[in-house]
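The values are calculated or read from the model by the stated rules, or taken from the named source; none is laboratory data. Values in this document were obtained by computation on a predicted structure and should not be read as measured data. Glycine gets a Cβ as well: all are built from the backbone with ideal geometry, and neighbour counts include every protein chain shown.
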Amino acid sequence: MERHLLRITVNGQEHELYINPKTLLVEVIRDHLGLTGTKRGCETVSCGACTMIVEGMSVKGCSVLAMQVDGLKVTTVEGLEDHGKLHPIQKAFIDHGSYQCGFCTSGMLMSSKALLDENPKATIKEIREGLDGNLCRCTGYNSIVRAVDAVCKGQYREDEA
Amino acid sequence: MKYNIINTHTHNIDGVAKVTGRATYTVDVTLPGMLYGKILRSPHPHAKIINIDASKALALSGVKGVVTGKDTLGVKQGIWRRYSELCDEQILPLEKVRYIGEPVAAVAAISEEIAEAALDLIEVEYEVLPAVYDAMEAIKKEAPVVHEGVERNINVTRHIEWGDLEEAFEQSDYIREDWFKCSGQAHMCMETRSAVASYTPEKKLTVWTSTQSPYYMQALLAGVLGMKESDVRVIAHYVGGGFGGKFELDGAQFCASVLSMKLFRPVKIVFTREEDFIASKRRTPMYYYVRTGVKKDGTFMAREARVFTEGGAYTSMGATALYLTGFFHSFPYKWQAYRYDGYRVYTNTLPSTSMRGFGAPQAQFCSETQIDIIAKELGIDRFEIRRMNGHTTNYEVPGQATIASCGLEQCINKIEDWVKSRGKLPANRGIGISCYGFMSGGIFNWFDTPYSFSSAVVTINCDGKVDLHVGCQEIGQGSNTTMAMICAEELGVRVEDIRVHSGDTAECPPDLGAWGSRQTLMAGNATKMAAADAKRQLLEFATAKMSPNIVYDLDIKDRWIHLVARPERGIDYFELVKEALRGKEGQRIMGRGYYTPHRKGMISPAYSYGVQALEIDVDPETGKISLLNCVTAHDCGQPVNPLGVHGQLEGAISMAAGYGFLEDLPMEDGKILNPNLVDYKLIRAPEMPETEVIEIETYEPEGPFGAKEAGEGLTNPTAAALSTALYEALGITVKQLPITPEKVLGALREKAKEA
């Protein structure tokens, strides 16, 4: 079977691996690298559970082949925390009860982080639109919106690195 | 009553695990030597299985095994174990398939891709049979028979009656009858059905699975596999959603187990999203006939409901939904006479079952829509008609239930204030209201468990830290946090002092699990009892040590053991635990608790109540509905964790509003037409309305610290409130769910024609 060399930096760690060129990015992250924090919830790029950040942009890991990110930097949910110190958005999610079953949470966090990085003063409407690609069946979204809004309003400034 | 922990904003204890990706779900489990399984599914809605030839699949490199019904004991299983005729589902059927998507064979291979490829190589010879898809068609004499010997395909009937119905109708000044049709709905758990089964030469089976009830899965698996329950261990530490769809045995659990027993290797099966849509059961669709009689002044006299539910191919939890829709159709009002006749009908479609609200959202949609029309026609205020007929504390639903706590009237008043504060609305806007109520767990034991409904064990270690073992299941609703709070309050320690153990049948006591909004009350009572038992043992030592006058009481609050009358006099909790352990020959202090409802009527030990207002905007050109505001006044007794209650409420609104105007599972000849997340529409963040919750605190004598359910009941009002909002906005009603733009435009055309 055909194998291609993939060089990828995930959460600051460089990896080199030989993969079937048809492998999806989310499959490399979950199945090859064992970073199972990223989830899969559909086969149609609809649910956002596999959202990660590639070079600053939020990307659904099931929508790109791993070879398309060859040489690029990827951040997954495991990369948000720094030596036991939670990222402000993680703290805000805990404080606002922005997760229930937790299965969409990794994707929600990564979409939220990408949104905050791009637009740190997002309005409620912009936050809602920024999360349009992520499904949650438990929370009804509003607690997630409140968490992102709290970070936008600077309520977690002291938690920033 | 002043509590230290109850009713405080408490973060879920699994928060860090869930926001850092550490939480490990069934889909994340990988075991050494693990194989991947895939299920071959029926393309026919109704067909005899003549032959299955797997030889070509077995010849494919990497395939380790194929199983069909012939590799099983052929046990017909179901969750209504007390009634053998309702145990009607062989998960790998031997003789015939009854819906599109039903499993016929399963493959295990060294990779998912190979397993998938092997499915195409299995040759199944079918004899296609005539099929029936609609409940009203299936009850006809000439309809195809789904299960041999079941006359007119009627699977279960349920009857509820009180009062003299004829007389009550005769005394009514106004009688109205309507037909409604309620659609199905997919549970759409973010984590699809999944299982990893590992059978070892010691003849023991361990199954990691996404379930709402590890105990039910343990018992059901033991039954179909011919094993002792205790030789089956079910583990479900993190579950990606349940909503009523994950407490029956499913294809992933069964097929992975059968394959593992044959191959002595761990086997993992994860449903694709499409499989989850077409083969994991759904909310029960219902045809509702409602006839209601009232007095001129608005007094509710008589109600008669006849309901036909689309059962699909098997009984599942649909029998319970049939009963509960009938009971909650009377809710939350006092009827002089009430009669319900429910018929669950087999069809050649995906089986229907329980889903959050358990038949009550359907019941409420039909009831509240009709009540608003009646109020308008009689010229009675819609709040007043609800207030004058609503349940009150100590009301007895004749022969069914006694209501020990009820804050309905306060809820109506609060919502009336809010609606009035909105003033006159712009054109095409309306605020709908709906009352609701729900059970705090069912008193049913069709499962025939010999165990208490809930159990808990509290163990205090030498450093004063506590291990709490519960059988109740965390599925995201926050039950582990709720139990930790109840335990900490009762024992007098802090939430951080407690480690909760759940989701493992080998370590935790049996419990019926997370369904019917039962855990806060039932597992909460068991936990409180276990904590009280442990505390009593500690206080024996404390009393001996402090030797107070025997008329004095001791208590523990926030790790301080003290005289109730003189709280400053006391001992540090941690110090006393150390000494107490020595006094018990080094044994840890253990408290045990259990709960089974007794003498609490037919349905539930307690009932939640509430009223919801939903403000919508309708575009009369397109028929499109937008949700603006949703305010809910809610009586869940004493709230345990306000953060959790609020989360349950907002989540319920998104699911229940979706049921009201977006979500549907249309079929053609038994085939679901939208089995994916592109075509199955759900509410996303931009469509979600602003939400507000008004807590009406009552005290429920049967609940732990006065608490009642706050999970499923919140799903009951929203589709109804959407319907009544449409009536307010445009003066039209749509009697078929979901209320789509096409149906809104159709109703507007009807209205124009009448005018």
Selection status of A:Val69, outside the structural domain of A:Gly140 (by TED's automatic domain parsing), at positive phi and at pLDDT 95 or above
no
Would you mind finding the one in B:Val258, B:Val207 that is buried (at least 24 other Cβ atoms within 10 Å of the Cβ), free of Cβ contacts under 8 Å to residues at least 60 places away in the same chain and more than 14 Å from chain A (Cβ to nearest Cβ)?
B:Val207
Would you be able to tell me the number of residues in the stretch A:39-59 that are under 15 Å from A:Leu135 (Cβ atoms) and either buried (at least 24 other Cβ atoms within 10 Å of the Cβ) or within 12 Å of chain B (Cβ to nearest Cβ) (or both)?
13
Would you call A:Leu115 more than 25 Å from B:Ala652 (Cα to Cα), without any contact (Cβ under 8 Å) to a residue 60 or more places away in the chain, in contact with a helix residue (DSSP H, G or I) (Cβ under 6 Å, 6 or more places away or on another chain) and outside the structural domain of A:Gly12 (by TED's automatic domain parsing)?
yes
So B:Pro450 clears everything in (1) assigned to a loop (DSSP other than H, G, I, E, B); (2) free of Cβ contacts under 8 Å to residues at least 60 places away in the same chain; (3) under 27 Å from B:Asp619 (Cα atoms); (4) not aromatic (Phe, Trp, Tyr) except one condition, right? Which one?
(3)
Of all residues in the stretch B:63-89, which are in a loop (DSSP other than H, G, I, E, B), surrounded by fewer than 21 Cβ atoms within 10 Å (Cβ to Cβ) and of a type outside the set (Ser, Thr, Tyr)?
B:Leu73, B:Gly74, B:Val75, B:Lys76, B:Arg81, B:Arg82, B:Cys87
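Conditions tested, residue by residue: (1) over 24 Å from B:Thr715 (Cβ atoms); (2) touching a His at 6+ places or on another chain (Cβ under 9 Å).
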site	(1), (2)
B:Ala427	yes, no
B:Phe444	no, no
B:Pro450	yes, no
B:Ala456	yes, yes
B:Gly464	yes, no
B:Leu468	yes, yes
B:Gln473	no, no
B:Thr481	no, yes
B:Pro509	yes, yes
Out of B:Ala54, B:Ala106, B:Ala59, report the one residue that is of a type in the set (Gly, Ala, Ser) and buried (at least 24 other Cβ atoms within 10 Å of the Cβ).
B:Ala106
Please tell me if B:Leu60 is touching a helix residue (DSSP H, G or I) at 6+ places or on another chain (Cβ under 7 Å), closer than 24 Å to B:Arg344 by Cβ and either among the aromatic types (Phe, Trp, Tyr) or in contact (Cβ under 8 Å) with a residue 24 or more places away in the chain (or both).
no
Subset of the stretch B:1-44 (residues that are touching a Leu at 6+ places or on another chain (Cβ under 9 Å), of a type outside the set (D, E, K, R) and closer than 29 Å to B:Glu113 by Cα)
B:Gly21, B:Leu35, B:Gly37, B:Ile39, B:Leu40, B:His44
Condition check for A:Thr36: within 13 Å of chain B (Cβ to nearest Cβ), more than 26 Å from A:Asn142 (Cβ to Cβ) and surrounded by 16 or more Cβ atoms within 10 Å (Cβ to Cβ)
yes
Within the stretch B:589-619, which residues are over 30 Å from B:Ala652 (Cα atoms) and at pLDDT 95 or above?
B:Ile589, B:Met590, B:Gly591, B:Arg592, B:Gly593
Within the stretch B:716-725, is even one residue crowded, with 24+ Cβ neighbours inside 10 Å and part of a loop (DSSP other than H, G, I, E, B)?
yes
Name the residues in the stretch B:185-204 that are away from chain A (no Cβ under 14 Å) and out of contact with any Ser or Thr (no Cβ under 7 Å at 6 or more places or on another chain), would you?
B:Thr200, B:Pro201, B:Glu202, B:Lys203, B:Lys204
Need the failing condition index for A:Gln90 against (1) away from chain B (no Cβ under 12 Å); (2) buried (at least 24 other Cβ atoms within 10 Å of the Cβ), just the number.
(1)
Taking the options B:Phe444, B:Phe438, name whichever one is over 19 Å from B:Ala613 (Cβ atoms) and of a type outside the set (Gly, Ala, Ser).
B:Phe444
Checking the structure you have, find out if any residue of the stretch B:610-617 is without any contact (Cβ under 8 Å) to a residue 40 or more places away in the chain, in contact with a helix residue (DSSP H, G or I) (Cβ under 9 Å, 6 or more places away or on another chain) and of a type in the set (Val, Ile, Thr).
no
If you check B:Thr449 against the conditions, is it surrounded by fewer than 23 Cβ atoms within 10 Å (Cβ to Cβ) and in contact with a strand residue (DSSP E or B) (Cβ under 6 Å, 6 or more places away or on another chain)?
no
From the residues in the stretch B:464-491 that are outside any helix (DSSP H, G or I), more than 14 Å from chain A (Cβ to nearest Cβ) and touching a helix residue (DSSP H, G or I) at 6+ places or on another chain (Cβ under 7 Å), which one is farthest from B:Trp515 (Cα to Cα)?
B:Gly464
Subset of the stretch B:229-255 that is more than 14 Å from chain A (Cβ to nearest Cβ) and β-branched (Val, Ile, Thr) - its residue that is farthest from B:Ser517 (Cα to Cα):
B:Val232
Cβ contacts < 7 Å: first residue free of Cβ contacts under 8 Å to residues at least 60 places away in the same chain and under 21 Å from B:Leu58 (Cα atoms), restricted to the stretch B:81-108; second residue of a type outside the set (A, V, I, L, M, F, W, C) and surrounded by 19 or more Cβ atoms within 10 Å (Cβ to Cβ), any location; separation 6+ or different chain. Result?
B:Pro93/B:Gly69; B:Pro93/B:Glu102; B:Leu94/B:Gly69
Enumeration of residues in the stretch B:678-690 that are at the interface with another protein chain (Cβ under 7 Å from one of its Cβ atoms) and surrounded by 22 or more Cβ atoms within 10 Å (Cβ to Cβ)
B:Ala685, B:Met688
For the stretch B:341-371, what are the residues that are among the aromatic types (Phe, Trp, Tyr) and under 29 Å from B:Gly731 (Cα atoms)?
B:Phe365
Looking at the stretch A:96-141, which of the residues that are surrounded by fewer than 18 Cβ atoms within 10 Å (Cβ to Cβ) and within 7 Å of chain B (Cβ to nearest Cβ) is nearest to the chain's Cα centre (by Cα)?
A:Asp132
Residues (of a type in the set (Val, Ile, Thr) and more than 7 Å from chain B (Cβ to nearest Cβ)) located in the stretch A:145-161:
A:Val148, A:Val151
Given the conditions (1) farther than 27 Å from B:Leu31 by Cβ; (2) free of Cβ contacts under 8 Å to residues at least 24 places away in the same chain; (3) in the same structural domain as A:Ile127 (by TED's automatic domain parsing), and given that A:Glu55 satisfies all but one, which numbered condition is not satisfied?
(3)
